[in-house]
1. Could you list, in sequence order, the residues of segment 38-60 that are buried (at least 19 other Cβ atoms within 10 Å of the Cβ) and on the phi > 0 side of the Ramachandran plot?
2. Within the group 84, 93, which residue is farther than 30 Å from residue 129 by Cα, of a type outside the set (Gly, Ala, Ser), touching a Lys or Arg at 6+ places or on another chain (Cβ under 7 Å) and at pLDDT 90 or above?
3. Residue 93 versus (1) farther than 21 Å from residue 31 by Cα; (2) of a type outside the set (Asp, Glu); (3) exposed (fewer than 11 other Cβ atoms within 10 Å of the Cβ): which is the lone unmet condition?
4. Checking residue 35 against (1) within 18 Å of residue 108 (Cβ to Cβ); (2) buried (at least 16 other Cβ atoms within 10 Å of the Cβ), which single condition isn't satisfied?
5. Just checking, does segment 61-69 include any residue being touching a residue at least 12 places away in the same chain (Cβ under 8 Å) and more than 28 Å from residue 15 (Cβ to Cβ)?
6. Can you name every residue in segment 61-78 that is surrounded by 19 or more Cβ atoms within 10 Å (Cβ to Cβ) and either on the phi > 0 side of the Ramachandran plot or modelled with pLDDT of 85 or more (or both)?
7. Quick one: which of 128, 119 is over 22 Å from residue 6 (Cα atoms), part of a helix (DSSP H, G or I) and open to solvent by 60 Å² or more (accessible area, probe 1.4 Å)?
8. Applying the selection to segment 21-37, what residues are modelled with pLDDT of 95 or more and on the phi > 0 side of the Ramachandran plot?
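The values are calculated or read from the model by the stated rules, or taken from the named source; none is laboratory data. From a predicted model like this one, the values you see are computed outputs, not experimental measurements. Positions of Cβ are generated from backbone atoms using ideal geometry, with glycine treated the same way; all protein chains shown enter the neighbour counts. Surface areas here come from the heavy atoms of the whole protein model, side chains and all, with no ligands, DNA or RNA. Shrake-Rupley method; radii C 1.70, N 1.55, O 1.52, S 1.80 Å.
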Amino acid sequence: MSSDVLERKVIHPGKPFIKEGEEHGRAYLIQRGAVRAYTQDEEGNQIEVARYGTGSIVGEIGLVADDPMDMSFEAVCDTTVAAITRQDFEKKIKRMDPTIKTILTYVIDKLRIQEIMAIRKANERERIDGTA
């Protein structure tokens, strides 16, 4: 089997496959289905941050950072994904032009900031809805 072949699997709804607060060294390309991203407030209530469908990638920060995940991800329905491991990603990065590596690092940093902002907006939206 070629190293460029990605592992495919079906994720069933009801249980997070990426958990907030844990390190995760995989990203998932959604081939069919849907995934929701959520965080939890101080009382343990889930606050939905975003939904992703076919063609989206989730968990990509885990490919480049050892930091704990900022959100949990779970399938909304039976969802087929292709898993991208950190090792496979790093092999591809090593073959890249240094300029492209620099650009990729910059883009990833911006993605992390946008993810943090999305979580803040979801938390604020939840607070406003809860007091209305």
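1. 59
2. Details: 93 fails: at pLDDT 90 or above.
Unique residue meeting the criteria: 84.
3. (3)
4. Every listed condition holds for residue 35 apart from (1).
5. Here is the first cut: in segment 61-69, the ones touching a residue at least 12 places away in the same chain (Cβ under 8 Å) are 61-69.
In the following step, the residues that additionally are more than 28 Å from residue 15 (Cβ to Cβ) were identified as none.
So far as segment 61-69 goes, no, none of its residues is touching a residue at least 12 places away in the same chain (Cβ under 8 Å) and more than 28 Å from residue 15 (Cβ to Cβ).
6. Going residue by residue through segment 61-78, those that are surrounded by 19 or more Cβ atoms within 10 Å (Cβ to Cβ) are 62-64, 69, 71-75.
Across segment 61-78, the qualifying residues are 62, 63, 69, 71, 72, 73, 74, 75.
7. Details: 119 fails: open to solvent by 60 Å² or more (accessible area, probe 1.4 Å).
Step by step, each of 128, 119 is checked, and only 128 is over 22 Å from residue 6 (Cα atoms), part of a helix (DSSP H, G or I) and open to solvent by 60 Å² or more (accessible area, probe 1.4 Å).
8. Scanning segment 21-37 gives a single hit, 33.
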